[in-house]
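These notes are about the structure you will find just below.
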Amino acid sequence: MIEIIPAIDIIDGRCVRLSQGDYAQKKVYDAFPVDMAKTYADCGVKRIHLVDLDGAKLSRPANLKTLEAIASAVDIEIEWGGGISSDQALTDAFNAGATCGIIGSVAALEPEKFRAWLQKFGAAKMILGSDVRNRKVAVKGWLEDTELTIDDQVRDFMKDGLSQVICTDISKDGMLQGPNVALYEELQSAYPSVDFTVSGGISSMADIEALEAKALRKVIVGKAIYENRISLKDIERWSQNA
């Protein structure tokens, strides 16, 4: 079964959600990241997805204390992204408790650096974060577009053992209008040795079931949980059957 990975996006130590990556369309929720992480762990999920949105904007991690607190509170895998732009930043994230580092802007703008990290830390600890508009990659917290496509990236880094990709369809993210199923089906079919994680647009369990029917492997769920479109009971039932 497709694995549900709940998302926690962080600004100033609080849980937030953006719409289409727009910091001006920010919604702050009452929940605190550590409490949410504990709740998800209690539901039986294997991994949570944490994004340091302050870090993404600053090009350096800004919420590592929150990561440390979450890693101390739960015994599940943590994938962490946002502002990892240097060897020190990546090491700091791992030391703070991240299981995997999600690398977006660096992989697009400094591919040799990401290639070196893949070789140094291993594919199991490194995730390519490819955030796309019409299949072209956006960087720096989705604030800048490039001419690079996700296919360019995957084909390039597969030579260095790439095995994990989170692909976010920015046009869908935070909109609760359903994911771009065709995009992910095409990617997973074209590169079967890579685990693609669906990100963006999940609005209901029916969306997850549609992705499961296409043999997709992982899906990130964020705003749908906060907006009560998907319940914690739904996640618990799915995780128990996975």
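Restricting attention to the chain, close to 30% of DSSP beta bridges with both partner residues there are antiparallel.
Ordering 129-139, 111-121 by mean Cβ neighbour count within 10 Å, with the highest value first, yields 129-139, 111-121. Helix content alone sets the calculated 222 nm mean residue ellipticity of the chain: runs of n ≥ 4 DSSP H residues at -39500 (n - 2.57) each, divided across all residues, give -10500 deg cm²/dmol. Basic side chains Lys and Arg get +1 at the Cβ, acidic Asp and Glu get -1 at the Cβ, and with that the dipole of region 44-203 about its Cα centre reaches some 120 debye.
In region 72-216, a dipole from Cβ-located charges (positive for Lys and Arg, negative for Asp and Glu) runs towards its positive end, and of SER203, ASN180, PHE114 it is PHE114 whose Cα lies farthest in that direction. Remark: region 113-223 is approximated by an ellipsoid whose semi-axes, taken from the C-alpha gyration tensor as √(5λ), come to 23, 16, 12 Å, largest first.
On a per residue basis, the chain carries 42 Å² of accessible surface, using protein heavy atoms and a 1.4 Å probe. For ALA190, neighbours were defined as the other residues whose beta-carbon sits under 11 Å from its Cβ, and their charges (Lys and Arg +1, Asp and Glu -1) total -2.
The heavy atoms of PHE32 present about 100 square angstrom of accessible area, all protein chains included, probe 1.4 Å. Taking packing as the residue-averaged number of other Cβ atoms within 10 angstrom, the listed peptides 84-97, 42-55 run from highest to lowest as 42-55, 84-97.
Ellipsoid fit via the Cα gyration tensor, region 173-215: semi-axes of 19, 11, 8 Å, each the root of five times an eigenvalue, largest first. Leaving out ligands, DNA and RNA, and with a 1.4 Å probe, what % of the accessible surface on the chain is carbon or sulfur? For the chain, the apolar C and S fraction of the accessible surface comes to 46 percent. Extent of region 131-189 along its three principal axes (Cα atoms, max minus min coordinate, largest first): 35, 26, 16 Å.
The values are calculated or read from the model by the stated rules, or taken from the named source; none is laboratory data. This structure is a prediction, so every number in the text was calculated from the model and none was measured. Cβ coordinates were reconstructed from backbone atoms using ideal geometry, including for glycine residues, and neighbour counts include every protein chain displayed. With ligands, DNA and RNA removed, areas are computed over all heavy atoms of the protein, side chains included. Shrake-Rupley method; radii C 1.70, N 1.55, O 1.52, S 1.80 Å.
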